[in-house]
Every structure is written in C-alpha cells, then in structure tokens.
1. Quick one: net charge of Glu240's neighbours, Cβ under 11 Å, K/R +1, D/E -1?
2. In region 1-141, what percentage of the DSSP-assigned beta bridges are antiparallel, given to the nearest 5?
3. Give me a comma-separated list of calculated 3J(HN,Hα) values for region 37-44, in order, Karplus coefficients 6.51, -1.76, 1.60 applied at θ = phi - 60°, integers in Hz, x for any Gly or Pro.
4. Residues with beta-carbon under 10 Å from that of Lys48, excluding Lys48: net charge, scoring Lys, Arg +1 and Asp, Glu -1?
5. Give me the mean projected area, in nm² to one decimal, of the convex hull enclosing the Cα positions of the chain.
6. Need the full-extension length gain, Ser52 to Ser215, defined as separation in residues times 0.36 nm minus the C-alpha distance. One decimal, nm.
7. So what's the back-of-envelope 222 nm ellipticity for the chain, counting only DSSP H runs of four-plus at -39500 (n - 2.57) apiece and dividing by all residues, rounded to 500?
8. Give me a comma-separated list of calculated 3J(HN,Hα) values for region 222-228, in order, Karplus coefficients 6.51, -1.76, 1.60 applied at θ = phi - 60°, integers in Hz, x for any Gly or Pro.
Amino acid sequence: MKDVIQHELTKIEKQQSVRVLYACEAGSRAYGIDTKESDYDVRLITIKPVRSYLTVSEWPETWSDSTPPIEWHSWDVFKALQLFQKSNPSLYEWFSSPIIYAKDDVFYTKMKEMIRQYYSLQSLAYHYHSLTVKNANLLRKKEIGSKVYIKTFVQTLRGALALHWIMRYHAFPPLSLFQLADGDESIMELIRLLRQAKAEKRMDFSFALPAKILSVINMERSALKRLPDKKAVDARLLDEFVWELLGV
C-alpha cells in the first residue's frame, strides 16, 4: 500500500502543481491499533511555486479528499508554519508519526529541530487534558454505537497516556499507544483488547477506565501551569525558512 500512496502523491503534485514537503500516516495506523479494514489517514504539507503566492486571488491553504481506503488532508506550508507558532498539537503529531510516506530532508530536519526547541509542553498538556475529559464524558452517555465507542475510548486513552507521559518525563510524548503505555502491562493488554474488538466488530463490550485515565480526568488544570511554556519564535526565522524552501 505504501507504493500506492507514494504513486498517488506524485499524481497530486502534478494535478495541483505543488511539491510535497512531507507526507505521513495519522490515526489508528500511527497509534498502532489498526486492523485490516482500517483506512489510511494520509496527512500532507505542500508548497506551491512562487507565483502561486503572488496573486490578488485567494488560494486554498488546505485540501481534503476521500478515495477509499485513503483519507487525504493537506496543509500549505504557510498554514503549517502559522500553526507551528501556536504549538498546534496536530502538527506535532504529524511529525511524531512512525509512518512516513515522503519527506523533503531539509524541511523535515528543520521542522523536527524547531518543534523540539519552540513547542510548548504546557500547550500540549492542556490539549491532551481536554481531549481526555471531553471523550470520557462522551463515554458516560447511555447510548453510543460500538464503532463510535471504540474511537471515543481510544481518544480518551491516548489523551490520558500522553498527558501522563508529559507530566512524568517533562518530554514530548510518542504517538504509538504501546509506547505510551510505558511498560504498563495492564494498559498494553487493554490496548490489545481494543484492537481485537475493532477487528471483530464486536457489539457487546465495554471497558473500565484505568486508574491512569481517572487520574488525568481528576487532575487540577492548575497543575499544568508548572510545565514549560513555549519559547517565542521570531517570525523572521520562519520567513527565512520558507524563503529558502521557495528558493527566493
């Protein structure tokens, strides 16, 4: 399938007159809980020719398409760098994906370096805390479809484990759920059961929230303020970076 996706990336470059700077997998395959029927959630960052930006007409910053089993979502490099300034969690996760389909080495290396240097652990922690609480509240609803239940439970679990990782290590969390389990066999077994339930399309299951999730739900948000906040990035640095990519 990787060859198919890479072939499609080449077609996208030609059809949209863009260059793919980065393409990765997001969703269940990046989390390590995919099944045979899982979609491929491909995320892109692209750059246009210089003249495409020098226009009075509006140009799209994003692009999405669904051609089963592939879900495409793309950001223009200018949008990506604007979101970088805000420590956007989705951008962080894209660059933490264990599955990469294409990358410009200069772009990828620089982005990883800048994320390490400028991203806010505090902002990511707030995001994962909100993700956990929001989805845990959804799980408490009396009626929820099995497929939605599994997705909601996964989001609750990964949010809690990511925040637990940040609070314990003061470090950026990995994307894989098995890595986030951090050697906790009970959590790893829960992840395996979730993946099995997805594969079997089971309708008669429910899982108890582990203590790690409950501790995050009950955590005082004020505790997150002790984490390092983002280091201000000079916009000129990002300008120079994108100018280099554009060759101007």
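The values are calculated or read from the model by the stated rules, or taken from the named source; none is laboratory data. Keep in mind it's a predicted model, so treat the numbers as computed, not measured. In this analysis, Cβ positions are derived from the backbone assuming ideal geometry, glycine residues included, and neighbour counts consider all displayed protein chains. These accessible areas exclude ligands, DNA and RNA; they are computed on the full protein's heavy atoms, side chains included. Shrake-Rupley method; radii C 1.70, N 1.55, O 1.52, S 1.80 Å.
1. Charge balance near Glu240 sits at -1.
2. 70
3. 9, 5, 5, 9, 9, 8, 10, 10
4. +1
5. 14.9
6. 53.7 nm
7. -16500 deg cm²/dmol
8. Values, residue by residue: 4, 5, 6, 5, 7, 6, x Hz.
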